[in-house]
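Report on one structure; see the data block that follows.
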Amino acid sequence: MHIERVQLKNFLSHSDVDISLCPGINVIYGQNAVGKTNLLDSMYLSAVGRSYKYSKDKDLIAWDSKEEATVIVDVKNRFTSNQVKIQIGLDGKKRIFINDFRIMRIGELMGTVNLIMFHPDELKLIKDSPSERRRFMDISICQKSKKYFYALVRYDKLLNQRNAVLKKYKGMPLLKTFLDITTKEIVKTAETIMRARKDFVENMLVYAKEQHKLITQGEEILDLVYEREMVDFNDFENSYTDLLNRSLEKDENLGYTSVGPHRDDIKITSNNVDIRKFGSQGQQRSAVLSLKLAEIKLYEEFLGEKPILLLDDVLAELDVNRCNAFCSAIQGIQTIVASTDIPINLEGGRIFHIGKDKKVVQER
């Protein structure tokens with residue numbers, strides 16, 4: 001899969017962009033704050049329907065624009081070509097089109113553009129709260145499974161309903177009666193989410209171990225454990241229902257649901273050491289790199305073709321061994337790199353420069 005063309009109008013710092021990308025290496029370079037990351041963000045938006053930098057769609061419109069923002073991305077996979085168009089009105093409302101047909105749910109967008117983003121903040125995946133690791137799982141799985149995406153949306157809605165009931169009917173005899181209304185549906189959606197995450201972590205581990213061994217030259221063994229509620233996957237409905245019942249008293253006192261996939265995590269260890277708590281920054285960076293490279297392999301196994309890779313100024317953060325291992329692993333993948341200069345390892349391919357005037361100019 002590769003992106004063939006990107007067109008932007010009034011998107012963040014870019015008033016008018018129209019570039020054609022090659023299937024291999026594409027380098028976008030320029031000084032800081034000229035819009036390199038914004039260009040990558042437009043491609044990310046075309047894949048998952050939201051920015052990876054901004055939480056509000058309205059913030060994606062150029063600050064001085066009196067017109068809507070438009071992002072158009074043409075992508076080609078091994079079977080067909082598609083065009084994703086996203087328009088963001090001045091009121092912040094977003095409209096998404098695939099091949100000029102408007103889609104009404106973001107879930108319909110999933111899988112049209114499959115990509116992996118790698119940026120300097122990726123250490124959050126290791127260092128920060130479990131929500132970062134759930135987000136990592138969710139973004140990756142959603143691009144492969146619309147069913148999973150809709151289960152996440154449904155679960156979030158049901159969880160909010162359950163929490164509202166816990167607060168409203170706390171201490172009342174009718175509490176469990178009202179909770180039972182949504183319990184069956186919560187169990188069903190939780191099973192979809194947890195089975196998908198379990199499979200994801202197990203499959204990811206195979207490739208991550210292999211990549212980590214290469215990156216660390218055999219000195220470290222990476223391990224991933226899907227940390228979840230103790231439920232029996234062979235009898236999920238009864239097991240999870242029992243879990244909710246056993247936590248009811250605690251949940252009633254807390255006023256929210258204390259068990260479920262919204263509390264899942266991935267434990268990441270190197271040589272049996274929890275690197276979130278005790279790993280050096282070098283070990284953490286190696287683990288993130290291994291996970292990203294494993295994610296590429298997983299996409300290829302699942303989809304039968306390689307995803308698109310977006311690199312936001314990350315190569316400068318890697319030492320020689322990690323950089324060489326990474327550049328070797330991304331051969332044959334469309335890679336779009338944002339950098340302050342042209343990385344020596346990635347000199348081939350197409351080169352774009354963004355100047356202080358924010359214009360994107362193809363140099364080669």
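Each value in this text was obtained by applying a stated rule to the coordinates, not by laboratory testing. It should be emphasised that the depicted structure is a prediction, and the values quoted were computed from it without experimental measurement. Here Cβ is always computed from backbone atoms with ideal geometry, including for glycine, and neighbour counts include all displayed protein chains.
Numbers for the structure displayed
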item: Overall dimensions of the stretch 126-303 as given by Cα atoms, namely Rg and Dmax in Å; result: 18.4, 62
item: Under 11 Å, Cβ to Cβ, from D121 - net charge with Lys/Arg +1 and Asp/Glu -1; result: -3
item: For the stretch 212-364, the fraction of alpha-carbon pairs in successive 10 Å shells from zero, as %; result: 9, 26, 25, 20, 14, 6, 1
item: Where trypsin sites (Lys or Arg not before Pro) fall in DSSP loop in the stretch 132-170, at most 16 other Cβ within 10 Å; result: K170
item: Surrounding net charge for S81, when Lys and Arg each add one and Asp and Glu each subtract one, Cβ distance under 15 Å; result: 0
item: The stretch 129-233, relative contact order [Cα under 8 Å, separation at least 6], %; result: 24 percent
item: Dimensionless Rg ratio for the stretch 1-90, taking C-alpha atoms and the 2.2 N^0.38 Å reference; result: 1.06
item: Percentage relative contact order, the stretch 43-129, counting C-alpha pairs under 8 Å, at least six apart; result: 26 percent
item: Rounded D (µm²/s) - the chain, Kirkwood Rh over Cα pairs, Stokes-Einstein at 10 °C, 1.306 mPa s; result: 72 µm²/s
item: Surrounding net charge for I275, when Lys and Arg each add one and Asp and Glu each subtract one, Cβ distance under 11 Å; result: +2
item: For the chain: relative contact order, % (alpha-carbon pairs under 8 angstrom, 6 or more apart); result: 25 percent
item: Reachable lysines from K184, criterion Cα separation under 22 angstrom, eight or more residues apart if same chain; result: K146, K147, K157, K167, K168, K170, K176, K198, K250
item: Kyte-Doolittle at least -0.5, axis length at least 20 Å by Cα - qualifying DSSP helices, the chain; result: 175-215, 281-303
item: Value of [θ]222 nm, deg cm²/dmol, for the chain, DSSP H segments ≥ 4, -39500 (n - 2.57) each, nearest 500; result: -13500 deg cm²/dmol
item: The chain: most fluctuating residue of K93, K306, K292 per GNM, C-alpha cutoff 10 Å; result: K93
item: Check: the chain dipole with +1 on Lys, Arg Cβ and -1 on Asp, Glu Cβ, in debye; result: 900 debye
